[in-house]
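Take a look at the structure below.
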Amino acid sequence: MPTYEALPRFAADLDRLTPEQRRRFRRTVAAFVEDLCTGSFRAGLRVKRVQRAPGIYELTWSMGTGPAGRATWEYGPALRPGTPHVIWRRIGTHDILTGP
């Protein structure tokens, strides 16, 4: 099972989401974790590198009505050998990409 941590800015962003938006994120993270374990992300998760931000990735999903949800993250040093460690950086809409 991958390990993770969340930066304080991520936690503040998460608090601003509606309960429904947080629920959709948790459902997306379940698929994300499965794919981390296999080493290959499914196309539906839309995982890609953030331009002009080396080592930072974004994960995109539907938040229902309105703009798509996005979370930025990076790989951190493994806390357990051979296990990916994810550092969650930001969460919200496209606007988070100005300071991923």
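The values are calculated or read from the model by the stated rules, or taken from the named source; none is laboratory data. No experiment lies behind these values; they were computed from the predicted model shown. In this analysis, Cβ positions are derived from the backbone assuming ideal geometry, glycine residues included, and neighbour counts consider all displayed protein chains. Side chains included, ligands, DNA and RNA excluded: accessible areas come from the protein's heavy atoms. Shrake-Rupley method; radii C 1.70, N 1.55, O 1.52, S 1.80 Å.
Annotations for the structure displayed:
- Under DSSP loop assignment and at most 15 Cβ neighbours within 10 Å, longest trypsin sites (Lys or Arg not before Pro)-free interval of the chain: 53-100
- Using the Cβ-Cβ distance between THR38 and THR60 with R0 = 25 Å, the FRET efficiency computed as 1/(1 + (r/R0)^6) comes to roughly 0.85.
- Over the chain, dividing the summed -39,500 (n - 2.57) contributions of all DSSP H runs of at least 4 residues by the number of residues returns a 222 nm mean residue ellipticity of -9500 deg cm²/dmol.
- Helix 19-38 axis versus longest C-alpha principal axis of the chain: approximately 20°, rounded to the nearest ten.
- Heavy-atom surface analysis with a 1.4 Å probe gives region 38-100 a carbon and sulfur content of 54 percent of its accessible area.
- The share of alpha-carbon pairs in the chain lying farther apart than 19 Å comes to 38%.
- Relative contact order %, the chain, counting alpha carbon pairs below 8 Å whose residues are six or more apart: 33
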